[in-house]
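Remarks on the structure that follows.
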Amino acid sequence: MARIRLENVTKVYKGGVRAVSDASLEIHDKEFIVFVGPSGCGKSTTLRMIAGLEEITSGNIFIGDTYVNDLEPKDRNIAMVFQNYALYPHMSVYENMAYSLRCQKAKKEVIEEKVHKAAAILGIENLLKRTPRELSGGQRQRVALGRAIVREPSAFLFDEPLSNLDAKLRVAMRAEISKLHQDIQTTFVYVTHDQTEAMTMGDRIVVMKDGLIQQVDTPMNLYDHPGNIFVATFLGSPQMNIFEGTIVKKGEEKHFVSIDESVDIAIPEVELCQLSEDVYPLEAYLGIRPSDIKIDESGFPVEVELVERLGEQTLIYFHLGGRKEFTILSLVEPNALAKGDKIKVRFDVSKLHLFDKKTERNLSNAIPLIEMELGKAKLSEEEKAQLDKRLIGHLTPKSVVFLASEVKTEEIKGGHRFEVKIEGEKDYGDKKTYYGRDTSGIIIPFVSEKAYRKGQKVDLFVDLDNLNYADEEKQRITDDVEVDTTVYPASLDFRPRGCFLTEDELHNDEKAYKTVKAIRLGKKTLLHLEGAETHQKLLYLVESSDLIYASLPIYMRKRRKSK
Ligand code: ADP
């Protein structure tokens, strides 16, 4: 049992392929987390880095509280299950499962007990005497799982374990692996390119594309609140329909108007309440799932071009809104629709998804980095003093205060208090996201299980550690902890013999230092160094680089002792 933490993990293969970029993620203890994305997006590489089968270019990985970057795979106490089961062909099922325990020189009775217990969980007790040759694909997969279970690892890592099985068996094994997770209550990390596997198995899903984590959330939240166009169109079949157009002001209302102006929809106010009034007209995409388009007399006229009957569901294809692709509507009601029929279609406005055309990000639920002008931030003298202690740069009137974390509705002792007025709300799975405007005018989103009504005043709290100063270029200028020594600017030089630090004025007492902590503040990284012999502590601010990681050894020029 263990949580797994990835901090700014990057993998660049020899030859320069950047397989994973700056991945940060916390996998909870006992969680079933699924990595999904198209082929080549970096899922397997991420899994292999957790397993220790692939070296990490930069960043840190922790399993439990152990920093595992430098640990061999065998010392990480995890079990990996592959699509090719890698069973020993000459050994019986029992021996295959017992093998790792024998290698650990476990007692005979212990081996017997663990193998039988695992076999019982998997329902393969009657197969223990057979060899892998005498098993079906599904049974072999179970033996491979059994071999992992007997080791009682703190986490199971699965790399597309079902892709060799036929469709029917895949569905059955999917359910079995989910059940196994419930039975043994251990962290599962599972990689697949199959969105159905991801949606049905994961407690949470990590969607990846081009080496970048796109979004991490529960299956339903990803489906209902995709953070960008990629996630919106990757999950769900048939795909979400995406219309290109502009959001314009019409009196008090905001409307989405498609490029050919045939689709014109008033947007519910709450969808856009995080945007300032001066962004319109705003080029945007509107997304709507096939099941959220209804046949309704008040809708847009279209002509049915194709009807696909799939049993319980009928898909109706037509052209709308200047899209080259078909727009698809799905119906579960019985119908007699046919090609050539003229119908009217209405979009369910509570199910619209709006994306910024430039960034392709969701306009309504991208939780923004909250930023307040220094003068408007309403920090008390005490709070300012606290923040000043973490300051590693210089405050100017153009500096801002950043809030880089969620706010809470429960009072946090010593935390900063915001007073907000509720402007709107959105359903977000089992919880609601509310949007409150604070006294300085910024909108602060927060998640709560409690019910609030529009206009209600609410106090929100944030831990002072989550407030930071940033300079006018939005680069953070506060460290995570109090800074008790001076911070010096310096530059790093990565050479084959090691990493060298240069600074104009030398402050070091010896030559070799170790990076105790590296805190990324945007373009700059703050290095906490400690001398190998003298334990002298030094702080340096350097240009950020993928090659910086905690524990990086750093060499310096020797300082001449001043006379
Ligand atoms: P996925 O599991 O999502 O299909 P991978 O993690 O296997 O993706 O690969 C991510 C990227 O890294 C791909 O572009 C792939 O070609 C590349 N890659 C994977 N393994 C290696 C390797 N050993 N050497 C060089 N490039 C690799």
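Summary table below
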| quantity | calculated |
| --- | --- |
| Arg204 vs. criteria open to solvent by 20 Å² or more (accessible area, probe 1.4 Å), more than 16 Å from the ligand (Cβ to nearest atom) and touching an Asp or Glu at 6+ places or on another chain (Cβ under 9 Å) | yes |
| Restricting segment 216-252 to residues that are among the charged types (D, E, K, R) and assigned to a strand (DSSP E or B), the residue that is least open to solvent (accessible area, probe 1.4 Å) | Asp217 |
| Glu113 among the charged types (D, E, K, R), in a helix (DSSP H, G or I) and within 19 Å of Ile184 (Cβ to Cβ) | yes |
| When residues of segment 67-93 are limited to those that are out of contact with any helix residue (DSSP H, G or I) (no Cβ under 6 Å at 6 or more places or on another chain) and assigned to a helix (DSSP H, G or I), the one most open to solvent (accessible area, probe 1.4 Å) | Lys74 |
| Total residues in segment 508-563, condition in a strand (DSSP E or B), open to solvent by 40 Å² or more (accessible area, probe 1.4 Å) and without any contact (Cβ under 8 Å) to a residue 24 or more places away in the chain | 1 |
| Unique residue being open to solvent by less than 70 Å² (accessible area, probe 1.4 Å), at pLDDT 80 or above and not basic (Lys, Arg) when the list is Gly429, Gly436 | Gly436 |
| Residue check for Phe32: open to solvent by less than 40 Å² (accessible area, probe 1.4 Å), closer than 24 Å to Met199 by Cα, more than 16 Å from the ligand (Cβ to nearest atom) and not polar (S, T, N, Q) | yes |
| Filtered residue count, segment 307-337, keeping only those that are on the phi > 0 side of the Ramachandran plot and surrounded by fewer than 16 Cβ atoms within 10 Å (Cβ to Cβ) | 2 |
| Positions within segment 164-193 being over 24 Å from the mean Cα position of the chain (by Cα) and among the small types (Gly, Ala, Ser), in sequence order | Ala167, Ala172, Ala175 |
| The listed residue being closer than 28 Å to Asn228 by Cα, free of Cβ contacts under 8 Å to residues at least 60 places away in the same chain and within 21 Å of the chain's Cα centre (by Cα), out of Leu25, Leu6 | Leu6 |
| Residues (under 19 Å from Val420 (Cα atoms), in a loop (DSSP other than H, G, I, E, B) and not β-branched (Val, Ile, Thr)) located in segment 386-410 | Ala404, Ser405, Glu406, Glu410 |
| Boolean, Ser39 is surrounded by fewer than 20 Cβ atoms within 10 Å (Cβ to Cβ), more than 16 Å from the ligand (Cβ to nearest atom) and small (Gly, Ala, Ser) | no |
| Residue that is farthest from the chain's Cα centre (by Cα) [pool: residues in segment 411-426 that are assigned to a loop (DSSP other than H, G, I, E, B) and not small (Gly, Ala, Ser)] | Lys413 |
| Conditions (1) surrounded by fewer than 18 Cβ atoms within 10 Å (Cβ to Cβ); (2) within 16 Å of the ligand (Cβ to nearest atom); (3) under 27 Å from Gln185 (Cα atoms); (4) aliphatic (A, V, I, L, M): number failed by Val12 | (3) |
| Residue count, segment 317-342 (criterion: over 22 Å from Gly245 (Cβ atoms) and in contact with a Leu (Cβ under 7 Å, 6 or more places away or on another chain)) | 2 |
| Within segment 42-55, considering residues that are more than 6 Å from the ligand (Cβ to nearest atom) and among the β-branched types (Val, Ile, Thr), the one surrounded by the most Cβ atoms within 10 Å (Cβ to Cβ) | Thr46 |
| Checking Ser58 against (1) within 8 Å of the ligand (Cβ to nearest atom); (2) hydroxyl-bearing (Ser, Thr, Tyr); (3) surrounded by fewer than 23 Cβ atoms within 10 Å (Cβ to Cβ), the condition it does not meet | (1) |
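The values are calculated or read from the model by the stated rules, or taken from the named source; none is laboratory data. Being a predicted model, the structure only gives us computed values, none of them experimental. Cβ sites come from the backbone with ideal geometry, for glycine too, and all protein chains shown count toward neighbours. Heads up: the accessible areas ignore ligands, DNA and RNA and are worked out on the full protein's heavy atoms, side chains in. Shrake-Rupley method; radii C 1.70, N 1.55, O 1.52, S 1.80 Å.
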